[in-house]
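Worksheet: the structure to be examined is printed underneath.
Where a number appears in this text, it was derived from the coordinates with a stated rule and is not lab data. Note that the structure is predicted; figures quoted are calculated from it, not measured. We place every Cβ from the backbone using ideal geometry, glycine too, and count neighbours over all the protein chains shown.
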Amino acid sequence: MEWTAISGVPEIDEWARLVETGEVPACQEHALLMGYLRRVFETENVTVDAEKLARFMGYKDFFPFPFGPEEDFLTALWLCCYGENGLPRWPDLLCYVGRGFGKTALMTFWAFCLLSPANGIRQYDVDVCATTEEQAKLSFDDMWNMLESEPDYWESAFTWNKLEIYNRETRARFKYWSGNSGSKDGMRSGCVMFDEIHAYRDSASMEVFTGGLGKKDDPRRLFCTTDGDIRDGVLDEKKELAQAILCDGEPDNGLLPFICKLDSRAEIEDEAVWPKANPRLLMRPQLFDEYRREVAEWRRHPEKHTATPTKRFNLPEARTELPVASWEDLTACLAEVPDLRGVPCVVGIDFAKTTDMVSVCALWRVGDQFYARHHSWICAQSRDIPLIKAPIAQWATVDVVDAAEVDARVVADWIADLNIDSLVEAVALDDYRYALVKRELELIGFSADPPERTVRLVRPSDIMRAQ
């Protein structure tokens, strides 16, 4: 079957062709990205600023390294695509790549493009941020060194020092900030770039840098990173959002998720698929050799080289397991449960990942006592299954779903069965997977709309209640 272009733009279509035809190996999320982009270009009025893109491509000549087709692909989508409203179609980019990709140099190139007259916006400041000053300075220093290498050539277009780089024509500045930087209240950024977001435990320390976005036209955010050791932080939130966009069809809210990783630890044994995590391996033999050396060391002493799967292949270690209930709470579960047929109840749903697990809990109140009935579904392909030592099939009310993911329909079917004997007055869930689950609940008679409102969207801190 002949391959068909996605956009008609060579910089976008070439990388898409390589991925979709299998000429380059790609992880599941990367393959899904191409299908997602096809849907966007088919169903939305997306335009590409061809003149701007051509000028940006011309700037590559100033940089002392070759660019790969995946970098042209990202430049076109993130910096040159616009929606029907004239605003950037993807103002936010998650660039999740293995160590050695050259993300710092790519950030420098993008900053150069956005500072330039080709961007078309005066005083479009670019700020690069990281948790440490050393990390934040890397891309800034790359541009500083480029200007310093030929000062006579560049001095008509730029002024520069160790704190900022200034474009004379556009009056745009390039600066770096760390978590210890001073006040950011005066920032008027056009673009904020976050380097290594895996180091951020929460978004609060990032929001101080993005508070000035919107003062300039076409605000953008870049989240560029390998994986790391912090779990449930900013990076895990972004990865979960990427999964929701690519796997569940949830609205992207302007985020372009560019995911490069291996699909499993078993793939570390197959060199042919290593470019799934780092497309640069296709162009840099010396980087491939370094990967081989690190993998050999990891095989001999995996406990001493945990960074190899985490950083090189974006396969982080699972989090340490912690107790979630006291002994008193566990023994309370032995109390006799009365006949609850006909008694009203409410149901809560907790979706993790569709490829991980889903839990529901029905809650009854009889007098001053609460009674709960729980059920879970765990995906047979979940990475957590090998880490679970307990015989969960015997100990817990759980179904192992032998499929690529846990379908929201099985959750809705369980609630429909419960509703036969008990009156389910409301179902509550947070915004994660909300659209997906709400659709299935509506098919069995529930509604998120007034006056019934039997499907409730709640925050994690809310107390679930039926009214």
#### Entry: Fewest-first ranking of 347, 234, using other Cβ atoms within 10 Å as the exposure measure
234, 347
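Would you work out the charge dipole size for the chain about its Cα centre, treating the Cβ of every Lys and Arg as +1 and the Cβ of every Asp and Glu as -1, and quote it to the nearest 20 debye? Please report the intermediate quantities before stating the final value.
On the way: 53 positive and 80 negative charges, 176 e Å.
Roughly 840 debye for the chain.
State the extension gain, in nm to one decimal, for the chain segment bounded by residue 448 and residue 327, taking 0.36 nm per residue of separation less the distance between their alpha-carbons.
On the way: separation 121, 0.36 × 121 = 43.56 nm, distance 3.77 nm.
Length gained, residue 448 through residue 327: 39.8 nm.
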### Summary
Projected onto the charge dipole of the chain (unit charges on the beta-carbon of Lys, Arg, Asp and Glu, signs +1, +1, -1, -1), the Cα from 189, 291, 253 with the largest positive-side position is that of 189
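Tally Lys and Arg at +1 and Asp and Glu at -1 over the other residues with C-beta under 14 Å from the C-beta of residue 169: what net charge comes out? If you can, show how the numbers build up before the last one.
On the way: positive: 55, 122, 168, 171, 173; negative: 155.
Local charge sum for residue 169: +4.
Under the Kirkwood approximation applied to all pairs of distinct alpha-carbon atoms, what is the hydrodynamic radius of the stretch 135-235 in Å? Intermediate values should be presented prior to the final figure.
Values: mean 1/r = 0.0664 Å⁻¹.
Kirkwood radius, the stretch 135-235: 15.1 Å.
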### Task
Sort 156, 189, 264 so that the residue with the fewest other Cβ atoms within 10 Å of its own Cβ comes first and the one with the most comes last.
156, 264, 189
### Query
For the chain, what is the relative contact order in percent, using Cα pairs closer than 8 Å and at least 6 residues apart in sequence?
13
### Query
Charges only on Cβ, +1 for Lys and Arg, -1 for Asp and Glu: so what's the dipole of the stretch 126-210 about the Cα centre, in debye to the nearest 20?
360
### Summary
The farthest towards the positive end of the charge dipole of the chain, of the residues 377, 367, 205, given +1 on Cβ of Lys and Arg and -1 on Cβ of Asp and Glu, is 205
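Based on the alpha-carbon set only, what is the convex hull volume of the chain divided per residue, in Å³? Mind dumping the intermediate values first?
Values: hull volume 89.8 nm³, N = 467.
It is 192 Å³ per residue.
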### Task
Starting from the Kirkwood radius over alpha-carbon pairs of the stretch 211-289, derive D by Stokes-Einstein at 20 °C in a medium of 1.002 mPa s and give it in µm² s⁻¹.
140
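Using DSSP to call loops (not H, G, I, E or B), can you name the GluC sites (Glu not before Pro) in the stretch 122-162 whose Cβ has at most 10 other Cβ atoms within 10 angstrom?
Working: sites: 133, 134, 148, 155; in loops: 155.
For GluC sites (Glu not before Pro) across the stretch 122-162 that sit outside H, G, I, E and B with at most 10 neighbouring Cβ atoms in 10 Å, the list is empty.
For a quick check: sort 210, 4, 306 by the number of other beta carbons within 10 angstrom, fewest at the front. Each step should come with its number before you reach the end.
Numbers: 210 18, 4 10, 306 13.
Fewest to most other Cβ atoms nearby, the residues stand as 4, 306, 210.
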### Task
For residue 366 paired with residue 421, estimate the spin-label separation in nm (one decimal), with each label point 7 Å from Cα along the Cα-to-Cβ line.
1.2
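Considering only DSSP beta bridges whose two residues both sit in the chain, what percent are antiparallel, to the nearest 5? List each step's numbers first, then the result.
On the way: 26 of 63 bridges.
Counting DSSP beta bridges with both partners in the chain, the antiparallel share is about 40 percent.
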## Note on the structure
Under the helix-only model (-39500 (n - 2.57) for each DSSP H run of 4 or more, divided by the residues of the chain), the mean residue ellipticity at 222 nm, to 500 deg cm²/dmol, is -10000 deg cm²/dmol
